[in-house]
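Report on one structure; see the data block that follows.
The values are calculated or read from the model by the stated rules, or taken from the named source; none is laboratory data. All figures in this text were calculated on a predicted structure; none of them were measured in a lab. Cβ: placed from backbone, ideal geometry, glycine included. Neighbour counts: every protein chain shown.
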Amino acid sequence: MFGYIVINKPEMKFKDFDTYQSYYCGLCRTMQEHYSIKGRVALNYDMTFLAILLTGLYEPLNHREYRRCFLHPMKKHLEVRNELIDYAAKMTIALTYLKCEDDWLDERKITKNVYKNILNQSYQSIKKEFPQKLSLIEQQLIKIHEYEKMEDIHIDDISGCFGRVMAEICCYKDDLWKDYLYEFGFYLGKFIYLLDAYDDIEKDIKDHNYNPFIKKFQQNHFEEQTHALLEMMISRAAEAFEYLPIEENIEILRNIIYSGVWSQYELRYKKRMEDKK
């Protein structure tokens with residue numbers, strides 16, 4: 001379920017894109033230094049968003065440095081590093097490990113099981129640091145598997161499980177902002193789960209995999225109803241987000257929340273409409 005929390009680049013100012021990229025590069029460097037190439041492979045834009053969100057809220061001391069890397073050996077790029085980027089790196093490893101485990105259980109993908117075993121030591125170390133958080137996340141993912149084996153499961157229940165996964169990830173610490181972060185993460189997680197299901201309908205039908213939208217897929221108002229459901233989830237997330245006293249990089253965050261998260265939906269919707277024609 002990675003790849004949905006992204007920017008809308010055409011609608012972003014050049015300086016904001018450079019700032020966004022500096023967080024991405026900082027997360028990449030952190031992944032490399034803490035987890036070597038095995039961790040760097042797990043790098044994604046979703047946790048870059050988390051790093052920018054939490055940095056804007058908690059305003060930690062940032063370390064900025066221009067550096068080269070093997071992907072950009074000819075030109076130095078700005079990298080931002082701080083404690084929230086470290087946290088985002090740990091959550092990247094945790095989610096990637098659990099996603100590999102999920103893919104192994106669902107589809108018996110050998111490559112995913114191999115990568116999960118490679119990440120196991122790092123994951124166990126992170127779990128020791130965040131035992132309650134990771135245990136709660138594991139419980140919700142187990143519940144998703146249990147729901148997928150049942151009949152007539154309400155879509156709100158199963159999407160709520162992934163909502164609680166994202167809620168736990170967004171809550172960096174137990175403080176004044178925890179409730180807003182939890183609500184934001186909860187509805188963002190539901191949005192991601194539903195969008196991922198919408199994106200994979202044809203594949204899941206072909207592979208005989210569970211998908212909460214399969215029964216409604218051929219109905220006349222499927223597209224309108226699904227869009228309304230997604231819009232409801234991201235609107236609730238945005239409402240909670242706006243209560244957070246964030247000023248730093250606020251335009252980047254709003255670009256992602258109000259526009260970027262719809263990118264994959266629009267691509268899938270356009271392709272599906274073209275295929276119908």
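Residue check, I85 against (1) part of a helix (DSSP H, G or I); (2) farther than 11 Å from Y23 by Cα; (3) not aromatic (F, W, Y), all met but one. Which one?
With respect to (1) part of a helix (DSSP H, G or I); (2) farther than 11 Å from Y23 by Cα; (3) not aromatic (F, W, Y), I85 is out only on (2).
Determine whether Y187 is closer than 26 Å to R272 by Cβ, touching a residue at least 40 places away in the same chain (Cβ under 8 Å) and not β-branched (V, I, T).
Numbers: closer than 26 Å to R272 by Cβ: yes; touching a residue at least 40 places away in the same chain (Cβ under 8 Å): yes; not β-branched (V, I, T): yes.
Spelling it out, Y187 is indeed closer than 26 Å to R272 by Cβ, touching a residue at least 40 places away in the same chain (Cβ under 8 Å) and not β-branched (V, I, T).
Mind counting the residues in region 152-169 that are in contact (Cβ under 8 Å) with a residue 12 or more places away in the chain and part of a loop (DSSP other than H, G, I, E, B)?
So the answer is 1.
What number of residues within region 1-52 satisfy the criterion of being among the aliphatic types (A, V, I, L, M), over 16 Å from the mean Cα position of the chain (by Cα) and part of a helix (DSSP H, G or I)? Can you show your working first?
Step one: list which residues in region 1-52 are among the aliphatic types (A, V, I, L, M), which gives 1, 5-7, 12, 27, 31, 37, 41-43, 47, 50-52.
Then drop every residue that is not over 16 Å from the mean Cα position of the chain (by Cα), which leaves 12, 31, 37.
Next, only the ones that are part of a helix (DSSP H, G or I) stay: 31, 37.
Residues that pass the stated criteria total 2.
Taking region 165-210 only, how many residues are more than 17 Å from T226 (Cβ to Cβ), of a type in the set (D, E, K, R) and buried (at least 19 other Cβ atoms within 10 Å of the Cβ)?
Residues that pass the stated criteria total 2.
Report yes if E11 is free of Cβ contacts under 8 Å to residues at least 24 places away in the same chain and at negative phi, otherwise no.
no
From the list N220, N255, which one is at pLDDT 95 or above, among the polar types (S, T, N, Q), farther than 24 Å from D103 by Cα and out of contact with any Gly (no Cβ under 7 Å at 6 or more places or on another chain)?
Of N220, N255, the one residue that is at pLDDT 95 or above, among the polar types (S, T, N, Q), farther than 24 Å from D103 by Cα and out of contact with any Gly (no Cβ under 7 Å at 6 or more places or on another chain) is N255.
What is the number of the single condition among (1) part of a helix (DSSP H, G or I); (2) within 19 Å of T48 (Cα to Cα) that Y172 does not meet?
Of (1) part of a helix (DSSP H, G or I); (2) within 19 Å of T48 (Cα to Cα), only one is false for Y172: (1).
Quickly run through region 13-71 and pick out the residues that are surrounded by 15 or more Cβ atoms within 10 Å (Cβ to Cβ), under 22 Å from Q264 (Cα atoms) and of a type in the set (A, V, I, L, M, F, W, C).
The answer is A42, L43, M47, F49, L50, A51, I52, L53.
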